[in-house]
Amino acid sequence: MQTENKSKVKMAKQKKNCTYIGGQAVLEGVMMMGRQSMATAVRDPAGEIQIEAKRLNRNKHVRRASKIPFVRGIVNLVGSLVRGTKTLMRSAAVYGEDDEEAGRLQKWLAEKFKVSLMDIIAIISALLGVVIAVGIFIFLPRVLVDLIPTIDEQHWAYYVLLGVFKLAIFLIYLGLILFLKDIRRLYMYHGAEHKTINAYERGIELTPENVKKCSRIHDRCGTSFLFIVLFINIVAISVVTWAFYTYVWSIDNSIAKFFVNIGIEVVLLPIISGVSYEILKFLARFDNKFAAIFKWPGKLIQKLLTTREPDEQMIEVAIAAFNKVLEMEADETVPETQFMTGGILSKMLAATKKKFAENGIDESDAEWIYSLVLGIKRSGLASEAMVKPFESKRINEIVEMRLTGRPLWYIIGDTEFYGCRIKVDERALIPRPETELLAETAVKSVENGDKILDMCTGSGCIAVSVAKHCVGKQVTVTGADLSDAAVMLARENAALNGVDVNFIQSDMFSNVRGRFNLIICNPPYIKSGDIPLLQKEVREHEPKIALDGGADGLDFYRALAKDIRHYLAKDGVLLLECGEGQTDEILKLFGKRDYAMVIKDLSGVDRFLKIAF
């Protein structure tokens, strides 16, 4: 296999795809950018790759300037400074935790001035970066050279030393920051970025195994650009400064001369950047020995300092970002995506409620989602607390699934029912809150040694909760249901709650044996004609067999009434849940009885019947 892979790489070197896609390493990730889009992929604390993809909406003046030779270098430099800072901040937001005060400030800025805190920080950071760069790479070398009293700006040695100091400071700076763990990982992602682009340009399939074999050095790297800028800076500043003092103005005041020198460098910096950009693009077109001479210093710095060998997980991240840009460049309809970066709880909850309302979903589901994910009671959700990135990601996953129409509790996977944790999925109905009253009534009716039957048990929620609450009364509990799948789910719930319940598959009483002191039944009672009128999540996701009670909704009550006396012990009790307005018709079905009691639910609706025979 290794021989085969090596052969593929060797063959691929003979083939070259041209690509304008470039990149940048960010915190635990990689940003890739094409002509019309950019994508940043980051591996979050949970180990999953998150991708934020955006269209580049440059105004017409910037687009025109970015096509003008020499000017485009300046435009790209400024743009990359601001964009790079914002991208780094976005990746940090995914990987880190948002500060609560920063979140409040962000909210205030958005409401009062309609601006983003991130945009402000990005601009400030870019300006600060320029100031620091001027201080370290322009101001400091001049200070060091001026400490040597025997030479001045009209002596050739002055410019040689100035160049030596600039180069030394540049390399020392790159070397020192390698001692920072985060920078070393950043350089590993830098290597992953280069390997991915190299693999694509060679025509190799973008898999972690293939990409890993490629070089981590690339002609168009920003490191090479910086070195070219530095080299041209040394030559240009030397010539211009010497000419200025020889032919324009001879300054005797050392302080004035120092600031004039700084001014010359600052004024020439954009011009030098523009020229350097054109040289870098020109050299990238060629792969011969002459071009290699000029590329060598930048590549050497990449190899020794600014790139490191990445692991396969880092390469996966770089490939994800690159493929996303390819996809967006090829198809303008591909939607933008955003990182899950957290935010202010009250603001996020309000946005989710609005989205649910627009899609006909109960807004209370939004409260349940936030409550469950954050571990906060619903009454405590009106808070300015910050939602962490990993919490936001989980919330968004549940919200997106809920928007498909799937019931919330099927998405969550379980629910609380009368003190029990009940697993729920499409095999049975989701237990309703009002049914807890039926379980409570059953528990209060149980006496020591009773035999209990839960007919139409579904998820087993009633049988399990009765067994759990009557554990000291030495009762035996049986659950029966027509659906094999429901019986399997009920058994899982008994095991989950540590109770002993005998669940059987049975079409009503067909497989039931013996008599019971208490029979509980919450049967299907929706009229067949009313099922299409039910909420979408109910009619499309919950099992129809557990809903359809026949033409008038009473089919299962008739079956109970027919056989109940054969299975109910002397002085036994039948507990039923009924549909709204059905209690009178159901009581007629059971004919002669000792007594019957109608019990209301929490909304005051006649919901339950307690019948003794």
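Observations
- Selection from F225, I177, W249, by position along the positive dipole direction of segment 151-270 (Cβ): I177
- Considering only P297, L408, L283, the residue lying farthest towards the positive end of the dipole of segment 274-411 is P297, judged by Cα position with unit charges set on Cβ.
- Alpha-carbon centroid distance for the pair segment 448-478 / segment 154-212, whole angstrom: 70
- Peptides ranked, highest mean first, by Cβ atoms within 10 Å: ranges 413-423, 354-364: 413-423, 354-364
- The C-alpha atoms of the chain define a longest principal axis, and helix 484-497 lies at about 80 degrees to it.
- Filter on K67/K213; K295/K324; K388/K423; K195/K295 - keep pairs with C-alpha separation over 25 Å: K67/K213; K295/K324; K388/K423
- Solvent exposure of the chain amounts to 52 Å² per residue of accessible area, where only protein heavy atoms count and the probe is 1.4 Å.
- As a fraction of the 1.4 Å probe accessible area of segment 208-297, surface on carbon and sulfur atoms comes out at 73 percent.
- Cα centroid of segment 266-303 to Cα centroid of segment 349-381, whole Å: 55
- With Cα atoms, 0 to 90° folded angle of helix 435-445 axis to the chain main axis: 40
- Straight Cα distances below 13 angstrom link K166 to the aspartates and glutamates E265, with same-chain residues fewer than 8 positions distant left out.
- Cross-link pairs beyond the 19 Å C-alpha cut-off, checked among K54/K181; K570/K592; K347/K377; K451/K610; K212/K393; K353/K393: K54/K181; K212/K393
- Between 0 and 90 degrees, the angle of helix 181-201 with respect to the longest Cα principal axis of the chain falls at about 90 degrees.
- The dipole here belongs to the chain: it is taken about the Cα centre, uses +1 on the Cβ of Lys and Arg and -1 on the Cβ of Asp and Glu, and is about 2420 debye.
- Those aspartates and glutamates that a straight Cα-Cα span of less than 17 Å connects to K536, excepting residues fewer than 8 apart in one chain: E358, D362, E363, D365, E400, D425, E426, D548
The values are calculated or read from the model by the stated rules, or taken from the named source; none is laboratory data. Quantities reported herein were computed from a predicted structural model and do not represent experimental measurements. Every residue, glycine among them, receives a Cβ derived from its backbone with ideal geometry; neighbour counts consider all protein chains shown. For the accessible areas, the whole protein counts, side chains as well, though only heavy atoms, and no ligand, DNA or RNA atoms are used. Shrake-Rupley method; radii C 1.70, N 1.55, O 1.52, S 1.80 Å.
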